[in-house]
1. Based on the Cβ-Cβ distance of ARG37 and MET1, what FRET efficiency does E = 1/(1 + (r/R0)^6) give at R0 = 25 Å, to the nearest 0.05?
2. Among GLY14, TRP30, LEU41, which residue has its Cα positioned farthest towards the positive end of the charge dipole of the chain, with +1 placed on the Cβ of Lys and Arg, -1 on the Cβ of Asp and Glu, and the dipole taken about the Cα centre?
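Derivation of every value follows stated rules applied to the coordinates shown; laboratory data play no part. Only a predicted model underlies this, so the values are computations on that prediction, with no experimental measurement involved. Glycine gets a Cβ as well: all are built from the backbone with ideal geometry, and neighbour counts include every protein chain shown.
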Amino acid sequence: MLEWRDPLGLRGCGFSHVVEGKIVLQRGYWDKLTFLRQQGLPIPAK
């Protein structure tokens, strides 16, 4: 697992499953709300 933050404050994380030295599964997630705000895009209603 790896957590990250870019220079503008966007945050996310990545998960990798390694078997015998090879990545067999990789997933990544990021904070959509922060991204939308940074880009000045509309925030969807709940």
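1. Result of the calculation: an efficiency of 0.50.
2. LEU41
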